[in-house]
1. Under 15 Å from a label point 7 Å along Cα→Cβ of LEU674: give me every residue in the range 558-593 with its amide N that close.
2. Can you pull the percent of the chain's accessible area that's carbon plus sulfur, 1.4 Å probe, other chains left in place?
3. Using Cα pairs closer than 8 Å and at least 6 residues apart in sequence, work out the relative contact order for the range 477-613, in percent.
4. I need to check one value: relative contact order of the chain, counting alpha carbon pairs closer than 8 Å and at least 6 residues apart, in percent.
5. Counting pairwise Cα distances across the chain, what percent come out greater than 34 angstrom?
6. Give me the accessible area per residue for the chain, probe 1.4 Å, as a whole number in Å².
7. Projected onto the charge dipole of the chain (+1 at Lys/Arg Cβ, -1 at Asp/Glu Cβ, origin at the Cα centre), which of VAL151, ILE560, THR502 gives the Cα projection farthest towards the positive end?
8. Which one, ALA585, TRP663, ASN26, is farthest towards the positive end of the dipole of the chain when Lys and Arg carry +1 and Asp and Glu -1 on their Cβ?
Amino acid sequence: MCRDAIQPHPPPLASVEVRSAFKRYNKSAMVLKGVSLTVRRNTIYGLLGPSGCGKTTLLNCIVGRTKLDNGVINLESNVIDDIGYMPQDLCLDPLLSVEEIFFYFGTIFGRSRNEIISRYKYFNALFDLPKRKMLINNLSGGQQRRVSLAVALLHNPTLLILDEPTVGLDPILSEKIWLHLSDLSSEGKTIIITTHYIEEARRAHTVGMMRSGIILSEDAPDNLLKCYGCSTLEDVFLKLCVIDTSKVIQKSSLPVDGGVQKKLLPLDNNKKFETRRFRAQMLKNRFLLWRNKQMTYLMLGLPIIITLFFNMAIGRDPKNIRIGIINEEINLRDCANFTYKHNNNCFLNEKLYGSCQLIYQLHKRTYKIKDYYNVEDAKASIKKNEIWALLRFNWNYTESLKDRVNNGENSLEDVVGHSFLEFWVDDSDRYMSILIERDVTLSLADALKNLVGSCKDSLDKVFSYPIKIHDALYGSNSGSFAHFVAPGTVCICMFFLPLIFTTFVMLDEQNDGILDRVLTSGMTYLEIALAHSIIQITYICIQAIEILIIMYVFYDNPYIGSITIGFSLLIVIGITGMIYGFVLALSNDSHFAAGFAGVGTNFLLMCACGFIWPTQGARHFVKYTNKFVPITLAIEALRGITMRGWSIDHTAVYMGFVSMLIWALIFYAISYVLYKSKKGTWKKV
Ligand SMILES: Nc1ncnc2c1ncn2[C@@H]1O[C@H](COP(=O)(O)OP(=O)(O)OP(=O)(O)O)[C@@H](O)[C@H]1O
């Protein structure tokens, strides 16, 4: 008599029992509709069924990667090491070699190096594995499948769950695999195997025929053939489909009543941290770093390139700026006849020209002078950006100056007017126009000083500004813009590089089901994140040293405080950037989206953190909130350390550290919430 698909009483010595399993991924489609099956210990169970009937979903539920909505799964052992899982897709890191994959998974399961090597040799003889140095990426589909199967068998598990291991393999190799599986079952292993090649499953001890989320029948292949009077399992399956169409429709409408499994499955029983798995992840990272040398060069080279370019491009005053001159008091060419280098004469008595004196001072400041004869032509040149500014000297400029000196407050309006130098500038580039204004003003001051020459002392008082500027207490009176921007550049670099690296590495881990396979082997997010953090923090330390050397040793940016405190601050900034990278990796599913989010937030940070403009100049709400932006206070702290020599006991420095630690905690909390709430990749579906 044919047995019913759902057995009311499980036979003894069951290694796996599934009872009334229901699963739906979304409201519209129920994938498992009350599946029940029994896999007896030391047997091969062939799970057959068309594409999309729910085989992989069922296997995922058995290994614990997917949660049932209703039903129970009993496993004889809930120790993760007792299970060997080969997923349908390859799910192996394409950049690792065959040998490295063996070392990685072998170490996950706590196998020694020698054991792993001897297992490789064993499987090589059995499955004709590709050469051990070959990259997974370069293997053919069949070779990849053989490696994938060998990896699932590597730690000699007692329960093997194999999803389509023979797809795409030649018949001789499939035969070898089945023979090996038979040997394993007689050695005490239990095997669940899915296959599209229905006839292949005749070698199984039990066959479960599945369709549209239910098991139509479950029995020994010979029993099934006899019972349904067929000569092939395919015919049995077709017959069952015809018979069971009405039942299938009926069963698919069964409600899910919330009776979720209570049994402890291996993944639920898994420890959050195991040293061997952490070691395996470190090993894999080492392999990948070695393989992916381009990434290593970038990580170590980018800080050097950025800092070098910063110092070469930013902060030095522009040179050879073109300005126009209209000189009505003397022909520009004739100025060359007057030498002003060492003028010891008083311009009140000598034929000296103030305009020539000023032009001489501008030449000294590397300005390129262009001669004009009328204001309109010169303005047109400014508009075409042929020159940046225009200076106009009246026909009696120097004479008017003399008149003002001699007559003081009795000078005529006209005379005073003619003694003014007229100035027009292109202000579309604000920083450039400020520099030109500054240089013209300083040149004028120098020119007047020179003109006064050996005139009586009182004249110096007439021409000097009523201000005495003493030496700066911090920095120099002629500090460069680069000195202001350098600490911000360093902090942004230290925050951004770990952010991007961590985001991309963690997203890579999630790719192509690789992570699913590793998680099924027991690896946890904590172990992966910790192993990554060790590599990342090593990079952060090297990057901080590189940046400090180039910025403050190679180039002359001021650094008068403690190197240890500055270095420590950079490390804290880097670690905070790394934790923010975890947030981005967990909140974005693609590199594309995460890249945008990373670059976007970096731009926001740059605008608000006072890196390029003093925070005191911010407007609206930014004025009140910019100190709460990550790295704003850290930049202030680094400025304090480098330019003012402040130590950790100074509030600004102390607050720089505190703010970064608070942000690190905030990012950590966000990543924890994201991890806990995330469905799919990191969490059970
Ligand atoms: N994560 C998921 N989210 C939504 N639907 C899913 C998910 N995984 C599988 N499904 C759906 O569940 C159904 C069963 O898929 P499953 O992979 O279990 O079938 P299968 O029998 O293994 O097919 P195949 O032999 O082609 O791999 C399919 O319709 C599939 O689209």
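1. The answer is 576-593.
2. Numbers: 19370 of 33110 Å².
Of the solvent-accessible surface of the chain, carbon and sulfur hold 58 percent.
3. Values: 106 pairs, mean separation 66.2, N = 137.
48 percent.
4. Working: 1096 pairs, mean separation 95.9, N = 685.
So the answer I get is 14 percent.
5. Numbers: 147155 of 234270 pairs.
Counting every Cα pair in the chain, those more than 34 Å apart make up 63 percent.
6. Values: 33110 Å² over 685 residues.
The answer is 48 Å² per residue.
7. The one lying farthest along the dipole's positive direction is VAL151.
8. Projecting each Cα onto the dipole axis, the largest value belongs to ASN26.
The values are calculated or read from the model by the stated rules, or taken from the named source; none is laboratory data. Just so it is clear, the model here is predicted, and its values are computed rather than measured. Counting neighbours? That spans all protein chains shown, and the Cβs are built from the backbone with ideal geometry, glycine included. These accessible areas exclude ligands, DNA and RNA; they are computed on the full protein's heavy atoms, side chains included. Shrake-Rupley method; radii C 1.70, N 1.55, O 1.52, S 1.80 Å.
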